[in-house]
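Just below is one structure, and these are the notes that go with it.
The values are calculated or read from the model by the stated rules, or taken from the named source; none is laboratory data. In this text the structure is predicted, and so the values were computed from the model without any measurement. Positions of Cβ are generated from backbone atoms using ideal geometry, with glycine treated the same way; all protein chains shown enter the neighbour counts. With ligands, DNA and RNA removed, areas are computed over all heavy atoms of the protein, side chains included. Shrake-Rupley method; radii C 1.70, N 1.55, O 1.52, S 1.80 Å.
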Amino acid sequence: MLMQGFAGLMWLLSMALIVFSGFALIDAATRREDAYRAADKQTKPFWLIILGLAFVVNLIFPILSLLPIIGLIAIIVYMVDVRPALRGLPGGGRRTRGSSSDGPYGPYNGR
């Protein structure tokens, strides 16, 4: 009975880690490339590779092995350091449809 409870808890933690790493990967993918440079962080491809590897490792390996813990550290660094820096930029570092100089009725000409 106790071992089943522990196995259930480990399964829940593993699923939570997979969801957390998936969220971080999707969030990193939706940010603009230039936002990473503007926030003085590593490049977008760097974070996509790191977070993608963390996601795959979390899918393959059990939670108590070393690789998912290393992946969790990378995810935490992204969520605590990089993501807030990107969100602090104008537009939140997300892709927008119009130019930053667009007003409510079209582009601003400066007149």
query = Ile69: among the hydrophobic types (A, V, I, L, M, F, W, C) and modelled with pLDDT under 95, yes or no?
reply = yes
task = Residue by residue through region 27-61, note down the ones that are of a type in the set (A, V, I, L, M) and within 18 Å of Ala85 (Cβ to Cβ).
result = Ala28, Ala29, Ala35, Ala38, Ala39, Leu48, Ile50, Leu51
request  = Would you mention how many residues in region 1-38 are in contact with a strand residue (DSSP E or B) (Cβ under 9 Å, 6 or more places away or on another chain) and of a type outside the set (S, T, N, Q)?
outcome  = 3
Residue, modelled with the lowest pLDDT, within region 73-94, restricted to residues that are assigned to a helix (DSSP H, G or I) and open to solvent by 60 Å² or more (accessible area, probe 1.4 Å) = Pro90
ask   = Could you give every pair whose Cβ atoms fall below 6 Å, whose first residue belongs to region 73-93 and is touching a residue at least 12 places away in the same chain (Cβ under 8 Å) and farther than 13 Å from Asp27 by Cα, and whose second residue is open to solvent by less than 70 Å² (accessible area, probe 1.4 Å) and β-branched (Val, Ile, Thr), counting only separations of at least 6 or pairs across chains?
value = Ala74/Ile50
note = Residue hits (region 44-53; within 12 Å of Ser21 (Cβ to Cβ) and more than 11 Å from the chain's Cα centre (by Cα)) are Leu53
task = Output the residues belonging to region 1-26 that are closer than 21 Å to Asp81 by Cα and small (Gly, Ala, Ser).
result = Ala16, Ser21, Gly22, Ala24
key: Lone unmet requirement of (1) exposed (fewer than 15 other Cβ atoms within 10 Å of the Cβ); (2) closer than 13 Å to Phe23 by Cα for Arg37   = (2)
